[in-house]
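J.: Below you will find the structure I want to go over with you.
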Protein chains: 2
Amino acid sequence: MAWARWGSHPWLVLLCVYAWGHPKSLDQREDVRNCAISPPYLPVTAVNTTAQLTALRQQMYIHNLSAYIVPDTDAHMSEYIGEYDQRRAWITGFTGSAGVAVVTMGKASLWTDSRYWTQAERQMDCNWELHKEVGTTPIVTWLLTEIPVGARVGVDPFLFSINSWESYAKALQVSDRELLSIPVNLVDLVWGSERPPVPSEPIYALQEAFTGSTWQEKVAGIRSQMQKHLEAPTAVLLSALDETAWLFNLRGSDIPYNPFFYSYTLLTDSSIRLFANKSRFSSETLQYLNSGCTGPLCVQVEDYSQVSGSVQAYASGDVKIWIGTSYTSYGLYELIPKEKLIEDTYSPVMVTKAVKNSKEQTLLRASHVRDAVAVIRYLVWLEKNVPQGTVDEFSGAEQLEKFRGEEEFFSGSSFETISASGLNAALAHYSPTRELHRKLSSDEIYLLDSGGQYWDGTTDVTRTVHWGTPSAFQKEAYTRVLIGNIDLSRLVFPAATSGRMVEAFARKALWDVGLNYGHGTGHGIGNFLCVHEWPVGFQSSNIAMAKGMFTSIEPGYYLDGEFGIRLEDVALVVEAKTKYPGTYLTFEVVSLVPYDRNLIDVSLLSSEQLQYLNRYYQIIREKVGPELQRRQLQEEFSWLQRHTEPLTARAGPTTSLAPLVTVSALAILGWSV
Amino acid sequence: MAWARWGSHPWLVLLCVYAWGHPKSLDQREDVRNCAISPPYLPVTAVNTTAQLTALRQQMYIHNLSAYIVPDTDAHMSEYIGEYDQRRAWITGFTGSAGVAVVTMGKASLWTDSRYWTQAERQMDCNWELHKEVGTTPIVTWLLTEIPVGARVGVDPFLFSINSWESYAKALQVSDRELLSIPVNLVDLVWGSERPPVPSEPIYALQEAFTGSTWQEKVAGIRSQMQKHLEAPTAVLLSALDETAWLFNLRGSDIPYNPFFYSYTLLTDSSIRLFANKSRFSSETLQYLNSGCTGPLCVQVEDYSQVSGSVQAYASGDVKIWIGTSYTSYGLYELIPKEKLIEDTYSPVMVTKAVKNSKEQTLLRASHVRDAVAVIRYLVWLEKNVPQGTVDEFSGAEQLEKFRGEEEFFSGSSFETISASGLNAALAHYSPTRELHRKLSSDEIYLLDSGGQYWDGTTDVTRTVHWGTPSAFQKEAYTRVLIGNIDLSRLVFPAATSGRMVEAFARKALWDVGLNYGHGTGHGIGNFLCVHEWPVGFQSSNIAMAKGMFTSIEPGYYLDGEFGIRLEDVALVVEAKTKYPGTYLTFEVVSLVPYDRNLIDVSLLSSEQLQYLNRYYQIIREKVGPELQRRQLQEEFSWLQRHTEPLTARAGPTTSLAPLVTVSALAILGWSV
């Protein structure tokens, strides 16, 4: 997995009530602030935010606001956000990916979850209070004690999802405070020249070899869904960055780990408007988009900043606009009269994109073969270098990126690599840095969760290894996680079953003995798109499973302060052959990296699980073996053969009995055996 | 299971897209109407509704309505409704439990699901159109073709849940029609003297021996939850009939199969108002309720009809009223200003009632022992009488009720017995009648789903039997259903897991071979309360599992036109002992009737499943055996011993290998074996 944002990725919420270590007393430490003494102690990492707070409060005064909320997202509810959108980081000094800031005339507060508490204490100065909670309720509860009845709380409506806006608005309203939509962002007003520039890198079209359909075919498909819809939408409004990227087969580099560009699309029954900076398109790309005309298959490129005006103008006509409510900003939503909206959780683009056609499936599979080569090369390299004591979590991650970089069509990591040794592996969101990391050791478990962006597909795979002698408990926990992965992967279930209904099969082997994990069991993944691609997965907010979807399957187990285990594969939803006729589905794993034999207790596996595992190993040999040979990676090929040897059930009393008895009988006969 | 209402019991919705037989052409049949010929053909069972429709349309004219909707529920969203509330049956002639009628000035239409299509064609005259669909959408779609823009559609807001009202209101509003709340019911106005009288049977207090806590303790518990609530409710408004019955330990007989009485309760921080007909309470019961005073522990009995006025008056003060939105009527809801409402899906009474305390658990268990005696007596009786050809589905059900009637504390069936032979067992809602039933046969599968109301508990159990030679497929299907029941029953899962997350364990053995069932997997059950007690169960609308809850577990399999299988037990949620510490739960089955050995293919069971089954049989022997002996039911005792003999795994190749080889070896030695 990679670790997702709070707002848009509720599948990880569970995880964050799970313990990531008990923070120790921070009083005597030099790396964190101490605001309790006078003068306060500030580490060198703390950022002085007095000037920006003063400037922001001036703006708040002008707008007659008692409080201003600065969330951690962008106008597209993106999982990762660009430098340009790091408003919360700039105003607080705290750079963690999750955290909401609220500024009143007298106070400034940050709410974040446990994985970021220490980082916040290192980066914030004493202008800021740290609140160790998340969600709307604690923020509103605090606001009610800080601002009087009748007070106005301002927000940039483009940084709030519809749900998030409504939950703040309702909670404030019942307590006689008012949430105010201020379309100009007050932090941007005071950020000034310090603010990183608007991204201006080229926006480019994918080569045809890497696309499943032409954009014209995709547009026709969405329009056909509009025509069939009972409420007769006249347009679909696309807000998520991967919606526009997918629809036009366009890519950019505005967002870390995601090949996206800032954009919106208003696809109507007779026109296509793409909102993005026109100067970023080459003339070839503009031609590819038919941008010179105004017909139903001509893409009119309008400036990104014009989206509000254009949507509002369009909404003034006799129209019906179809939106995905889970990621459309309140800023756009409030521009459209309610009776002109068709509100679904996900737009038809999001739902269509979730099912990959056969070409997209072939592309995604191919990227996983090459990705397996990179990960296997890394595992071989670790096996040689870890015992020398020369590898740490950070240098390891760099080495892996080097190997991935040598693979064809590679275009960067799909998320920040989780390379975690020993007790760090129990911290589900851990990533090492150049400054802070742990040495890898043959005596510790090592957890690697990483993925690549390739022109043909996005990958995400987790393996957990131990090069020494794992404890019996580590082997048991690892094997139970593996059983969970196997049991969900081989499950046969009716078409249109929701992931939520089956994800417990990944947990049962752990539950049996009183173990569990505190995160979701999987997420969709794209073709050179999001590594966490909505709306596929095992959460209640995900749509039903269908043939052609890809999802990760990733059970784990974490022992706070000790070690962590996760085994993650990407799997394709395929038709299952059943004894009796019916439309049934199952998974076909497309990640192709062997598990660690050193951590498997074969005696815990049923014969069906063992058979499944050996069949999977056979597939790895068939798919990755030739690729390693073609590349003359002989050492890796031998490693692969060794690590995919069929596993055999430990000789138990029933299976061993026959030969034993025979031997005894022969011995009785005095024969030499 | 018993079969529930559409609106309030979505766990059965799935079932009704499942096929219950393809209706044959009705043209030449004499038992159904034919409105296509002139004059129309009407069977004797059809009801002439011309007069009531004329009268209703006069009322609609007075109220300036273009349409009037007559739903199938009562003001408490009850699962079963009393005669007094059968408005839809009276206006249409159709007496089925589910179906919505809509009358316009020119047309009259009924919407119902497939199990009732034939019945509707038998009972309705040609004033009525039959629509073979369910849900708001088809009704609204039809309305839009029948009534002009600007037209008003009237409803009695007390017969609509909040959700149901809002879905009609929204759908009509976007098409420029208006849904109008008319607090006086127009059908009641024209029903006149034909209408059954308001129930007037006594409302009585349960003996202390049959209650888990006194009503004063329950009131204190709910008030304590009010005090702890962040939004500081000043009152809880109870609309569901079992809420009031549970809170005061009162029972009545207004509703079939449910010991309830028409009532509401407004429990405030300083007063208790019970809305019910005062003349129905004896002076002892009024004393029991402290109805003579006005303090916080005095129950002021107000007339049932005063609830609207009293709630409205109370809501005019500085108050906050906590309601369960899933069963509060829109009629009450619209009386309370939004800012004075605290809306949860279920009221604190509903949620508290879901967890039985130890006395309630003991009571419920005891009722299940006696219920098992009755069911076992019936199964023994069937085993003797079915081969004689003297038993039919209806007479069987009567015999069962006779046996239950001989059990202590019996107070009637908890729902209409499903006694279904052969292909009728594939009809999930089937119940035989005196006129229409099938003879039981040793050549057919027989499905019995039934339950009793006892003063100490409500029961619900399903067994499927075959007295002859079942087919291999019947045995396989039965065994897979049994495996599903076993696997869910023995599942160990973390505290607070939702039923939805684990119900697929009851389906997996069927899914494995391409089979499934189209209904929910279980529901809560009460102590002499609802047989389907919300909010416990395995649907997404159910609350998380907690120690002390009771739920049914009831997988099944149905082959249309051939046979049906269901195995239903009631189980208590208990703490599980796990190898590693943690708060884990599992189920303890309290239904105590053996499964049919004749239908079990032991070779399909794993050794763990077999072990579980034999342990369950041991428990049945320990709990029911002594009761049979005490009652000198010797024949039943012998039957029980026979039917709970431990099952043994069929000798497979591995287990038989050793003796074989030994024999061979000994043979080699020339020893006689």
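The values are calculated or read from the model by the stated rules, or taken from the named source; none is laboratory data. Nothing here was measured: the structure is a model prediction, and the numbers come from that model. As a convention, Cβ positions derive from the backbone with ideal geometry for all residues, glycine included, and neighbour counts pool all protein chains shown. Protein only, heavy atoms only, side chains kept; ligands, DNA and RNA dropped before computing areas. Shrake-Rupley method; radii C 1.70, N 1.55, O 1.52, S 1.80 Å.
J.: Go through region A:293-308 and give me each residue that's assigned to a helix (DSSP H, G or I) and open to solvent by 70 Å² or more (accessible area, probe 1.4 Å). Break it down stepwise before answering.
T.: Keep residues of region A:293-308 that are assigned to a helix (DSSP H, G or I), which gives A:304-308.
Within region A:293-308, A:S305, A:Q306 qualify.
J.: Could you tell me which residue of region B:569-593 is surrounded by the most Cβ atoms within 10 Å (Cβ to Cβ), considering only residues that are among the hydroxyl-bearing types (S, T, Y), touching an Asp or Glu at 6+ places or on another chain (Cβ under 9 Å) and within 13 Å of another protein chain (Cβ to nearest Cβ)? If you could, list the steps in order and put the result at the bottom.
T.: Filtering region B:569-593 for residues among the hydroxyl-bearing types (S, T, Y) gives B:578, B:580, B:583-584, B:586, B:591.
Next, from what is left, pick out any that are touching an Asp or Glu at 6+ places or on another chain (Cβ under 9 Å): B:578, B:583-584, B:586, B:591.
Imposing the further condition that a residue be within 13 Å of another protein chain (Cβ to nearest Cβ) reduces the set to B:578, B:583-584, B:586.
On the way: B:T578: 17, B:T583: 12, B:Y584: 22, B:T586: 20.
Among those residues, the one meeting the criterion is B:Y584.
J.: Next up: Of (1) crowded, with 22+ Cβ neighbours inside 10 Å; (2) under 30 Å from A:K577 (Cβ atoms); (3) within 14 Å of another protein chain (Cβ to nearest Cβ), B:G518 satisfies all except one. Which?
T.: (1)
J.: What's the number of the condition B:R438 fails, among (1) open to solvent by less than 30 Å² (accessible area, probe 1.4 Å); (2) touching a Pro at 6+ places or on another chain (Cβ under 8 Å)?
T.: (1)
J.: Can you find, within region A:493-502, the residue that is farthest from the chain's Cα centre (by Cα) among those that are part of a helix (DSSP H, G or I) and at the interface with chain B (Cβ under 7 Å from one of its Cβ atoms)?
T.: Ranking the qualifying residues of region A:493-502, first place goes to A:M501.
J.: Still on this structure, I have one more. What number goes with the only condition from (1) open to solvent by 10 Å² or more (accessible area, probe 1.4 Å); (2) in contact with a Phe, Trp or Tyr (Cβ under 7 Å, 6 or more places away or on another chain); (3) farther than 24 Å from B:S329 by Cα; (4) of a type in the set (A, V, I, L, M, F, W, C) that B:A108 does not pass?
T.: Answer for B:A108: the failing condition is (1).
J.: Looking at B:D487, B:D456, B:D443, can you tell me which residue is open to solvent by less than 30 Å² (accessible area, probe 1.4 Å) and either within 14 Å of chain A (Cβ to nearest Cβ) or at pLDDT 95 or above (or both)? Please lay out each step first, then the result.
T.: Values: B:D487 fails: open to solvent by less than 30 Å² (accessible area, probe 1.4 Å); B:D443 fails: open to solvent by less than 30 Å² (accessible area, probe 1.4 Å).
Result: B:D456 is the single residue among B:D487, B:D456, B:D443 that is open to solvent by less than 30 Å² (accessible area, probe 1.4 Å) and either within 14 Å of chain A (Cβ to nearest Cβ) or at pLDDT 95 or above (or both).
J.: What number of residues within region A:193-210 are within 21 Å of A:G82 (Cα to Cα), open to solvent by 60 Å² or more (accessible area, probe 1.4 Å) and part of a loop (DSSP other than H, G, I, E, B)?
T.: Going through region A:193-210 one residue at a time, the tally reaches 5.
J.: Pull up region B:606-618, narrow it to residues that are touching a helix residue (DSSP H, G or I) at 6+ places or on another chain (Cβ under 8 Å) and within 14 Å of chain A (Cβ to nearest Cβ), then point me to the one that is farthest from B:L640 (Cα to Cα).
T.: B:Q609
Matching residues to (1) in a helix (DSSP H, G or I); (2) at pLDDT 95 or above:
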| residue | (1), (2) |
| --- | --- |
| A:S109 | no, yes |
| A:R115 | yes, no |
| A:V140 | yes, yes |
| A:P148 | no, yes |
| A:V153 | no, yes |
| A:K170 | yes, no |
| A:V190 | yes, yes |
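J.: Separate question: Which one is farthest from the chain's Cα centre (by Cα) among residues in region A:406-429 that are more than 28 Å from A:Q207 (Cα to Cα) and surrounded by 24 or more Cβ atoms within 10 Å (Cβ to Cβ)?
T.: A:S421
J.: Of all residues being among the polar types (S, T, N, Q) and surrounded by 24 or more Cβ atoms within 10 Å (Cβ to Cβ) in region A:532-568, which is nearest to the other protein chains (Cβ to nearest Cβ)? Just the residue, please.
T.: Pass one, region A:532-568, residues among the polar types (S, T, N, Q): A:539-542, A:551-552.
Retained after the next criterion (residues that are surrounded by 24 or more Cβ atoms within 10 Å (Cβ to Cβ)): A:542, A:551-552.
Working: A:N542: 13, A:T551: 16, A:S552: 18 Å.
Ranking the qualifying residues of region A:532-568, first place goes to A:N542.
J.: Select from region A:309-325 the residues that are surrounded by fewer than 23 Cβ atoms within 10 Å (Cβ to Cβ) and either within 26 Å of the chain's Cα centre (by Cα) or of a type in the set (D, E) (or both) and write down the one among them that is nearest to A:I525 (Cα to Cα).
T.: A:T325
J.: Further question: Would you mind stating whether B:G451 is out of contact with any helix residue (DSSP H, G or I) (no Cβ under 7 Å at 6 or more places or on another chain), crowded, with 20+ Cβ neighbours inside 10 Å and more than 14 Å from chain A (Cβ to nearest Cβ)? I'd like the intermediate steps shown before the answer.
T.: Working: out of contact with any helix residue (DSSP H, G or I) (no Cβ under 7 Å at 6 or more places or on another chain): yes; crowded, with 20+ Cβ neighbours inside 10 Å: yes; more than 14 Å from chain A (Cβ to nearest Cβ): yes.
Judged against the criteria, B:G451 is a match.
J.: Filter region B:473-484 down to the residues that are within 11 Å of chain A (Cβ to nearest Cβ) and open to solvent by 10 Å² or more (accessible area, probe 1.4 Å) and list them by number.
T.: B:F473, B:E476, B:R480
J.: Right, another one. Quick one: is A:I600 away from every other protein chain (no Cβ under 11 Å) and open to solvent by less than 30 Å² (accessible area, probe 1.4 Å)? Before you say what the answer is, go through the steps one by one.
T.: Values: away from every other protein chain (no Cβ under 11 Å): yes; open to solvent by less than 30 Å² (accessible area, probe 1.4 Å): yes.
Criteria met by A:I600.
J.: Before we move on, is A:T92 under 16 Å from the mean Cα position of the chain (by Cα) and not hydrophobic (A, V, I, L, M, F, W, C)?
T.: On the way: under 16 Å from the mean Cα position of the chain (by Cα): no; not hydrophobic (A, V, I, L, M, F, W, C): yes.
It is false that A:T92 is under 16 Å from the mean Cα position of the chain (by Cα) and not hydrophobic (A, V, I, L, M, F, W, C).
J.: Sticking with this structure for a sec: With respect to the numbered conditions (1) of a type outside the set (A, V, I, L, M); (2) at pLDDT below 95; (3) open to solvent by 80 Å² or more (accessible area, probe 1.4 Å); (4) part of a helix (DSSP H, G or I), which one is the sole condition not fulfilled by A:C16?
T.: The one condition A:C16 does not meet is (3).
J.: Next question. Do we find a residue being open to solvent by 20 Å² or more (accessible area, probe 1.4 Å) and either small (G, A, S) or not in a helix (DSSP H, G or I) (or both) anywhere in region A:375-383?
T.: Step one: of region A:375-383, the residues open to solvent by 20 Å² or more (accessible area, probe 1.4 Å) are A:377, A:381, A:383.
Next, only the ones that are either small (G, A, S) or not in a helix (DSSP H, G or I) (or both) stay: none.
Scanning region A:375-383 turns up no residue that is open to solvent by 20 Å² or more (accessible area, probe 1.4 Å) and either small (G, A, S) or not in a helix (DSSP H, G or I) (or both).
J.: While we're looking at this one, here's another question. Can you name every residue in region B:430-444 that is under 23 Å from the mean Cα position of the chain (by Cα) and of a type in the set (S, T, Y)?
T.: Of everything in region B:430-444, those that are under 23 Å from the mean Cα position of the chain (by Cα) and of a type in the set (S, T, Y) turn out to be B:Y430, B:S431, B:T433.
J.: Further, regarding this structure: Within region B:51-69, which residues are in a helix (DSSP H, G or I) and surrounded by 12 or more Cβ atoms within 10 Å (Cβ to Cβ)? Let's see the steps before the verdict.
T.: Applying the first criterion (in a helix (DSSP H, G or I)) to region B:51-69 yields B:51-62.
Selection gives B:Q52, B:L53, B:A55, B:L56, B:R57, B:Q58, B:Q59, B:M60.
J.: Could you check region B:209-252 and list, in sequence order, the residues that are within 14 Å of chain A (Cβ to nearest Cβ) and touching a residue at least 24 places away in the same chain (Cβ under 8 Å)? Lay out the reasoning, then the answer.
T.: Taking region B:209-252 first, the residues within 14 Å of chain A (Cβ to nearest Cβ) are B:229-233.
If the condition is that a residue be within 14 Å of chain A (Cβ to nearest Cβ) and touching a residue at least 24 places away in the same chain (Cβ under 8 Å), then B:H229, B:E231, B:A232, B:P233 are the ones that fit.
J.: Just give me the residues in region B:36-85 being without any contact (Cβ under 8 Å) to a residue 40 or more places away in the chain and under 34 Å from the mean Cα position of the chain (by Cα), in sequence order.
T.: Those that are without any contact (Cβ under 8 Å) to a residue 40 or more places away in the chain and under 34 Å from the mean Cα position of the chain (by Cα): B:V44, B:D85.
J.: What is the residue count in region A:331-357 for residues that are modelled with pLDDT of 95 or more, open to solvent by 50 Å² or more (accessible area, probe 1.4 Å) and farther than 18 Å from A:T551 by Cβ?
T.: The total comes to 3.
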